[in-house]
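The values are calculated or read from the model by the stated rules, or taken from the named source; none is laboratory data. In this text the structure is predicted, and so the values were computed from the model without any measurement. Cβ placement follows ideal geometry from the backbone for every residue including glycine, while neighbour counts extend to all protein chains displayed.
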Amino acid sequence: MNSYVSVVSGYGIGKTLIIDDLILKPSLKIVVNPNKELMILDQALKTFRKELEAKLHDPSSHDVLAFQYAMSLDQEFIDSIKHYIITKKMNAGYALRIALDYYVSVLSTSKNDYIRDRIDDFESFYERMMYVIQGIPFIDITHIQDDVIVILKTLNLHVLNQLNPMYVKGIIAGAQSVTSHAAIIAKQKGIPTLFGVDQLDTFENNEPLLLDAIENLILKNPTTATLSKYQEKTSHLKDDQIHLLSYKNKSTVTNDGHVIPLLGNMSSLDDLSLMASCGVEGIGLIRTELLFIDKLLPPKLNEQVQLYSTIIQAITPKIITFRLFDLGGDKHVPFIHLKKEENPLLGLRGIRLFNAYKDLFYTQIKAMLMASIHGDIHLLIPMVSTKKEVVEVIQLINDVKSELLQHNIPYGNMNIGVMIEVPSLALTAHMIAPLVDFFSIGTNDLIQYTMATDRSLTIDEKIADPYHPSIIALLSHVIESANKNNIPVSVCGDVASEPLYASLLIALGVSTLSMVPHKILLIRKHIHDLNFSYINNLKEELLLLENRNDVQALLTKTPSN
């Protein structure tokens, strides 16, 4: 019995493409031959300069690349690395780290803001150089034009964001969490994905592979008969999908006329075409940090205005929900370097970065307001724990509006909402509701924080159970608080795209559901078969049940039985 975890169900057939990732913290190795390490360093610097020379023309990243290029030519700096290799017999990667740490320690004491800002550039230089030293090319898989099954030895959001579902027919990885942000991107793209696959070193590049993310199987060098069998299975799946397409242009309404709009989650600009093909009724969550995941520098104001305007013009007048940068945890971008934490999922992430990176949020809010002239938008504040955090962000929004008015810069209408994903906020939702225009419940984090589990690790369903009475009670309190204050409440976690759990959320009184676009039609069909009057009357009984089997049994009943 394998331990594979299906993240996205389906079948994939293609040749393996193994993507190894960078280990950024090399261990110290005492080398016998320092001259060999010196040669590695010299060759890495030459390769590094050559790769940067090809990218220096890009105005969005020129400043930081030019700085890194200058570092690669700085003889004093290079000599310091060589000193550690020769005198301490260190390997090249470790010597680079030690030399950089010394420079960073000196810069950190400077009173000059510009000098202190260069610390981040040193870290970017280190990351890029380590790719070269270890012989790993900068990862760029956008050029793939053959059917492949990608083997990811290390989950990397930058890599996942590049995967094109037209050619990437499957993803295999060793990680096991189905609610990590890596898993979320795979779901967003709808690529059949298996996590929890051990012994990734047994795969070889370009070997024929069949991935079954329904029965959780991986078949190397499948026979003609097996391929024929799976082509038939794939054909049946396509027939089911064709049937679901009949729901594409319909509104989402129960069989007794209750409307539950279905919104899509968005992680990249490429998702816009996906939104249209899946018949979404708006966007319930735009993960703005993933729109800029490849940027070396913080995105500029005009760049953000242009990107947000493109999205708004494509979706308006439907609901459009931008989430403020939600960084930290298992989401890292090159333009912010966060210190290593023992448990980053409980540390500086989301709006907790607000005061440390206020300029970043200020620019983003300003860009959203300027783009809102093209249509009304919703702004979502992530990872809120306290009322104070909400008040601070609202004050900043008002400050930005005042600045725009002062300079006669027009802006449109922006509704402000909070993500309910921390128990402290869920329990005080009735105090927060009067301050905002809407709630959005992030069930992935709410479950992990309530049940004391780590979404980046293996999730034990018996512990991280969305049907646990504590989770249902929290959801009920949040939804009731929203309804009493006449503000809409949406759910944007994974459970919103599971038919039976969608029934539970509707029974509790949720206004809208937001999910990966390719699940929209399935949930729409499910809701069309529901009777809202009946299921809404189950709420009190659901709150009394103590285990998932009883909850599921009650939700499965129909009015007739």
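Within segment 554-561, can one find any residue that is touching a residue at least 12 places away in the same chain (Cβ under 8 Å) and closer than 30 Å to Ile432 by Cα?
No - not one qualifying residue is present in segment 554-561.
Only one of Ser481, Ser514, Ser476, Ser497 is polar (S, T, N, Q) and farther than 14 Å from Ile420 by Cβ; which?
Ser497
Go through (1) outside any strand (DSSP E or B); (2) farther than 26 Å from Gly279 by Cβ for Ile172 and report which single condition fails.
The failed condition is (1).
Name the residues in segment 242-260 that are part of a loop (DSSP other than H, G, I, E, B) and either touching a His at 6+ places or on another chain (Cβ under 9 Å) or farther than 21 Å from Gly190 by Cβ (or both), would you?
Of everything in segment 242-260, those that are part of a loop (DSSP other than H, G, I, E, B) and either touching a His at 6+ places or on another chain (Cβ under 9 Å) or farther than 21 Å from Gly190 by Cβ (or both) turn out to be Lys250, Ser251, Thr252, Thr254, Asn255, Asp256, Gly257, His258, Ile260.
Scan segment 345-352 and give yes if some residue there is modelled with pLDDT under 65, within 16 Å of Gly442 (Cα to Cα) and outside any helix (DSSP H, G or I), otherwise no.
Yes, because at least one residue in segment 345-352 is modelled with pLDDT under 65, within 16 Å of Gly442 (Cα to Cα) and outside any helix (DSSP H, G or I).
List pairs: first residue in segment 398-416 and among the hydroxyl-bearing types (Ser, Thr, Tyr), second residue not in a strand (DSSP E or B) anywhere in the structure, Cβ distance under 8 angstrom, at least six positions apart or on different chains.
Close Cβ pairs satisfying both conditions: Tyr411/Leu369; Tyr411/Met370; Tyr411/Ser372; Tyr411/Ile373; Tyr411/Lys401; Tyr411/Leu404.
What residue, of Lys484, Lys525, Lys519, is under 15 Å from Pro261 (Cα atoms) and at pLDDT 95 or above?
From the options Lys484, Lys525, Lys519, the qualifying one is Lys525.
Based on what the data block shows, is Asn265 in the same structural domain as Leu505 (by TED's automatic domain parsing), of a type outside the set (D, E, K, R), touching a residue at least 40 places away in the same chain (Cβ under 8 Å) and part of a strand (DSSP E or B)?
It is true that Asn265 is in the same structural domain as Leu505 (by TED's automatic domain parsing), of a type outside the set (D, E, K, R), touching a residue at least 40 places away in the same chain (Cβ under 8 Å) and part of a strand (DSSP E or B).
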